[in-house]
């Protein structure tokens, strides 16, 4: 029996010496067990190393294990297969349960237990207590053995209540992972595997108290123990100077193991002191040898050399991403020009969470195989998100977001096209709440009419059947968490999730994404284990959906999947503390910025740093404090910087991804002080430098469009690539209107062009928008509730019904009383809501209900406005919603070129008449919920043809009809200032705009008050002066002008029809003053209109002309037959 230390600096050959010694002894003593114990992440590479050193390539009696694997190996040999280990998630669940049970006994911790992450902190503290042999009895003694605050003592009493209950439960059911070595200590003396074996401890920097306890047991049963430790040969026999000593960890380990050996009477053999690393790993690289011998030493020397440094370099990049680009370029240079293998190269950082994002992107762009040495969270994977979304559906009562989140995860056995269709249906109908899903969707009204109801009903039944276990759970009385788990499990099985995950794994494997494939292979089993643990630990707890959701989130977020190296020849990207780097020839150490090196490890916790120091002063050892970790990190830095045998690259960034300036770490200055001529090399922006390492990188350079010699060379080299032509043409991109063929236009529109005036106005607004709307028939998704178009339709129908109701009542408009008017208005609005499918279904949002209430109030006021306007004159409504076209007798039909026809249909909101001297004066009123203003400039350019065409239709329908006015009537609820006459102000604000006939008898028949001098009408856009002449701003036309407007509108309609059949689909939006066709265009994300691109431009519409000028221009164009489209 005995123990021997193998000591030496990093790179001195300790591991190789030990492995050669062990393989030799193992061959000489084939019946003896040799156990090489290393940290978990080192087991595979250590096994590879031992196999390579064995003369026959076999290590039959050598086992490579971690402490945990050693325990399980011993348990297996001794038939101890019934040990139930409680993993991290199980601890969280158990502590939640205990905290609920002990809630009345807690004081300080009571209000904190519900805080996010607090149970996780408590679990970590209890694990730490177990690992460092802190018993509940010792915690009870804290008050008497140290100078602790009252708050700390009270807090520890709470912790001890939970800790004690936790251990009591564990005693009869489980052991913790931290307790496995305690169990091994108890059985070590009886193990045949351990008896007289030889144990090697390699790659450890120190041990925990429980590991020291195990080693004390192993010393008494094994033949010999070898321990390798990194320590400068000059420091090997010197005592530690405290935590500031670089080799304090190694010295402390030597001291403690020597004390343990002394207690057990085990001899400590003379240590093996390895030669200086300068004679081993760094024999051919004096710069790295100097770094190893002087880094973090008080008596450090400066390296003198007149030659540029080849082995060590320091680089400063613009950003972390550019750091990784620099690294990738260097790696390609090393591999392609200097014949390194990818496996010879490693990248480490102290901020792996940040740099791994850039590493993945850049390494894939540069075609570099890599292994990311980190664990992967599955919290946001499609499968786990599907489970969380399932709970959310019932937690949020089947709201749209939860349902679609569930379906988009892809496990519901619905095709993507079906999900899209259902998505559109749910948005259009606003179906929400479980009640909406529980009723049949067949026969639904409103916007449902535009969908295949049998199709969506089939999907509804399929999903409700899938969710049925959760639906039944809701109805179950006294349900437990076990019932909830069973419901989730049934749905997971019904979705055939295991098969779907395996299929995805195979697809990733075929694409060469081995890490992703491995993740999907493990995921189902991990989730099932989680659900089993929930049922076992909390199954009898009462079921509460909110608690169940929180538990699932906590458990799923804790699942971490370890990555597997994709192949033998790949670079390693890892963390400075956990990643194995033995065998690396070249090391890139990135992200050496302040805040990363040294890492800020003071993240708080249940026990503060001050309290940890107080415990340490009382000889109570816990995990290292933040201050201790800072010094320990120096030791890890020493080990990392001395791992590469040939080259070391150090780099840091000038600014972060957020643009904020970053400072270099103290490590940069420390290294610079060790070398005479070493300087930081400032990298320019790498995005601007030519780089043609791979096809992807070359394409990125082409995309910059620099047009230099390098650019043309790259374009020539990749002329075969499908994207090259696009990238070359991109700088010369311009828009040129290309019509569709006449044959295509005929196929789209037929020989007869059917449409409304609105359609023609859309064409004049932008020909391309017309093509998308009426040619390709692209539509925005319908949305539930009342959008702008719905509100307009509703008001239009309500106005029609209100007008007809007044007319049918026989009551004169001037005699209509307020009570009767409001009654008729309310009835009209209710009938319109029912007719358009907006009757209340119980599924409306509160916002929808409020909007409907507001609309009723607004309509009442607008019904009053309509009544007041009519009551002021002799014009009375003759008809409402007058249809023309679309098969009616009064159809407007126009002959186009090549024998084609234009048939126009429409609906005139209201027709008022005034009869005098055998003439029928007609006033056309069109309701608008927006702020539409009639402008002759817009009529001239085809943007406002509606009222002119309506006038034409009425004049054809009615003999002896004379145009008296064409008006837009706003339906809205204006905000007014407080005045003495609010009624008059309200009428003025809602006064119609348009044009009326410039004959006194006619405009007096619209407003009696115009008989008063100096009066501005509040019901038509006319005012009179003192001498009774019309004011200059009066919106009037004579009868001939109305005829010109009508004829001009028809001419423009025919021109548009001919242009549409010619195939005009130009992106030619108009612009007038502060508005343009693109402002509210639903297709603005499709057309690509951009004024910065040559060829794209607005059609500017001139509005600065007098009425007479516009009328004359229209008359001239009519007479000349000029094509002004």
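The values are calculated or read from the model by the stated rules, or taken from the named source; none is laboratory data. Everything numeric in this text was worked out from a predicted model, so none of it was measured. With ideal geometry, Cβ positions are generated from the backbone for all residues, glycine too; neighbour counts draw on all protein chains shown.
Only residues that are in a loop (DSSP other than H, G, I, E, B) and free of Cβ contacts under 8 Å to residues at least 12 places away in the same chain were counted in the stretch 393-425, giving 2.
Here the stretch 880-903 is the region considered, the condition is being modelled with pLDDT of 90 or more and within 50 Å of the chain's Cα centre (by Cα), and the residue that is nearest to residue 924 (Cα to Cα) is 881. When each of 321, 336 is tested for being in the same structural domain as residue 572 (by TED's automatic domain parsing), in a helix (DSSP H, G or I) and surrounded by fewer than 18 Cβ atoms within 10 Å (Cβ to Cβ), the lone residue that passes is 336. Only one of the numbered conditions (1) touching a helix residue (DSSP H, G or I) at 6+ places or on another chain (Cβ under 9 Å); (2) at pLDDT 90 or above is not met by residue 913, and that is (1).
When the stretch 293-318 is limited to residues that are part of a loop (DSSP other than H, G, I, E, B) and under 30 Å from residue 698 (Cα atoms), the one that is modelled with the lowest pLDDT turns out to be 310. Scanning the stretch 931-974 for residues that are touching a strand residue (DSSP E or B) at 6+ places or on another chain (Cβ under 8 Å), within 28 Å of residue 985 (Cα to Cα) and part of a loop (DSSP other than H, G, I, E, B) turns up 931, 932, 933, 934, 971. The listed residues are 725, 719, and the only one of them that is more than 28 Å from residue 969 (Cβ to Cβ), out of contact with any helix residue (DSSP H, G or I) (no Cβ under 7 Å at 6 or more places or on another chain), in a helix (DSSP H, G or I) and outside the structural domain of residue 905 (by TED's automatic domain parsing) turns out to be 725. Of the residues making up the stretch 787-820, those that are out of contact with any helix residue (DSSP H, G or I) (no Cβ under 6 Å at 6 or more places or on another chain) and assigned to a loop (DSSP other than H, G, I, E, B) number 5. Looking at 1066, 1059, just one residue is modelled with pLDDT of 90 or more, in a loop (DSSP other than H, G, I, E, B) and either in contact with a helix residue (DSSP H, G or I) (Cβ under 7 Å, 6 or more places away or on another chain) or closer than 18 Å to residue 760 by Cβ (or both), and that residue is 1066. Identify all residues within the stretch 155-181 that are farther than 20 Å from residue 142 by Cβ, in a helix (DSSP H, G or I) and touching a residue at least 40 places away in the same chain (Cβ under 8 Å); write none if there are none. Listed by number, the residues that qualify are 169, 170, 173, 177, 178, 179, 180, 181. Out of 1034, 1103, one residue alone is farther than 30 Å from residue 732 by Cβ, assigned by TED's automatic domain parsing to the domain that holds residue 936, in a loop (DSSP other than H, G, I, E, B) and touching a helix residue (DSSP H, G or I) at 6+ places or on another chain (Cβ under 9 Å). It is 1034. With respect to the conditions (1) out of contact with any strand residue (DSSP E or B) (no Cβ under 9 Å at 6 or more places or on another chain); (2) surrounded by 18 or more Cβ atoms within 10 Å (Cβ to Cβ), residue 264 falls short on a single one, namely (2). Meeting the requirement of 3 or more residues that are surrounded by fewer than 16 Cβ atoms within 10 Å (Cβ to Cβ) and modelled with pLDDT of 90 or more, no strands (runs of 3 or more DSSP E) wholly within the stretch 554-646 can be named. Restricting attention to the stretch 104-124, the residues being surrounded by fewer than 12 Cβ atoms within 10 Å (Cβ to Cβ) and under 12 Å from residue 161 (Cβ atoms) number 2. Under the condition of being free of Cβ contacts under 8 Å to residues at least 24 places away in the same chain and either over 30 Å from residue 22 (Cβ atoms) or in contact with a strand residue (DSSP E or B) (Cβ under 7 Å, 6 or more places away or on another chain) (or both), the residues counted in the stretch 64-93 number 1.
Inspect the stretch 134-145 for any residue being free of Cβ contacts under 8 Å to residues at least 60 places away in the same chain, surrounded by 13 or more Cβ atoms within 10 Å (Cβ to Cβ), within 39 Å of the chain's Cα centre (by Cα) and within 20 Å of residue 181 (Cβ to Cβ) and give the result as yes or no. No; the residues of the stretch 134-145 include none that is free of Cβ contacts under 8 Å to residues at least 60 places away in the same chain, surrounded by 13 or more Cβ atoms within 10 Å (Cβ to Cβ), within 39 Å of the chain's Cα centre (by Cα) and within 20 Å of residue 181 (Cβ to Cβ). The set of residues in the stretch 1047-1062 that are touching a strand residue (DSSP E or B) at 6+ places or on another chain (Cβ under 9 Å) and buried (at least 22 other Cβ atoms within 10 Å of the Cβ) comprises 1053, 1056, 1057, 1060. Somewhere in the stretch 940-959, is a residue modelled with pLDDT under 95, over 30 Å from residue 1051 (Cβ atoms), under 60 Å from the mean Cα position of the chain (by Cα) and surrounded by fewer than 22 Cβ atoms within 10 Å (Cβ to Cβ)? For the stretch 940-959, residues modelled with pLDDT under 95, over 30 Å from residue 1051 (Cβ atoms), under 60 Å from the mean Cα position of the chain (by Cα) and surrounded by fewer than 22 Cβ atoms within 10 Å (Cβ to Cβ): absent.
Every residue, every condition in (1) loosely packed, with under 14 Cβ neighbours inside 10 Å; (2) at pLDDT 85 or above, yes or no:
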| site | (1), (2) |
| --- | --- |
| 778 | yes, yes |
| 785 | no, no |
| 836 | no, no |
| 868 | no, yes |
| 872 | no, yes |
| 878 | no, yes |
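Identify all residues within the stretch 1009-1030 that are surrounded by 13 or more Cβ atoms within 10 Å (Cβ to Cβ) and assigned to a loop (DSSP other than H, G, I, E, B); write none if there are none.
Residues satisfying the conditions are 1017, 1018, 1019, 1020, 1021, 1022, 1025, 1028.
The condition of being surrounded by fewer than 17 Cβ atoms within 10 Å (Cβ to Cβ) and either outside the structural domain of residue 527 (by TED's automatic domain parsing) or not in a helix (DSSP H, G or I) (or both) does not hold for residue 127. Scanning the stretch 19-67 for residues being part of a loop (DSSP other than H, G, I, E, B), at pLDDT 90 or above and over 18 Å from residue 222 (Cα atoms) gives a total of 1.
The residues on offer are 362, 348, and the sole one that is in contact (Cβ under 8 Å) with a residue 40 or more places away in the chain, in contact with a strand residue (DSSP E or B) (Cβ under 7 Å, 6 or more places away or on another chain) and not assigned by TED's automatic domain parsing to the domain that holds residue 701 is 348. Just one of the listed residues (59, 6) is buried (at least 20 other Cβ atoms within 10 Å of the Cβ), over 46 Å from the mean Cα position of the chain (by Cα), on the phi < 0 side of the Ramachandran plot and touching a residue at least 60 places away in the same chain (Cβ under 8 Å), and it is 6.
The one condition from (1) assigned to a helix (DSSP H, G or I); (2) free of Cβ contacts under 8 Å to residues at least 24 places away in the same chain that residue 434 does not meet is (2). For the stretch 654-672, the count of residues that are under 28 Å from residue 582 (Cβ atoms), out of contact with any strand residue (DSSP E or B) (no Cβ under 8 Å at 6 or more places or on another chain) and loosely packed, with under 14 Cβ neighbours inside 10 Å is at least one.
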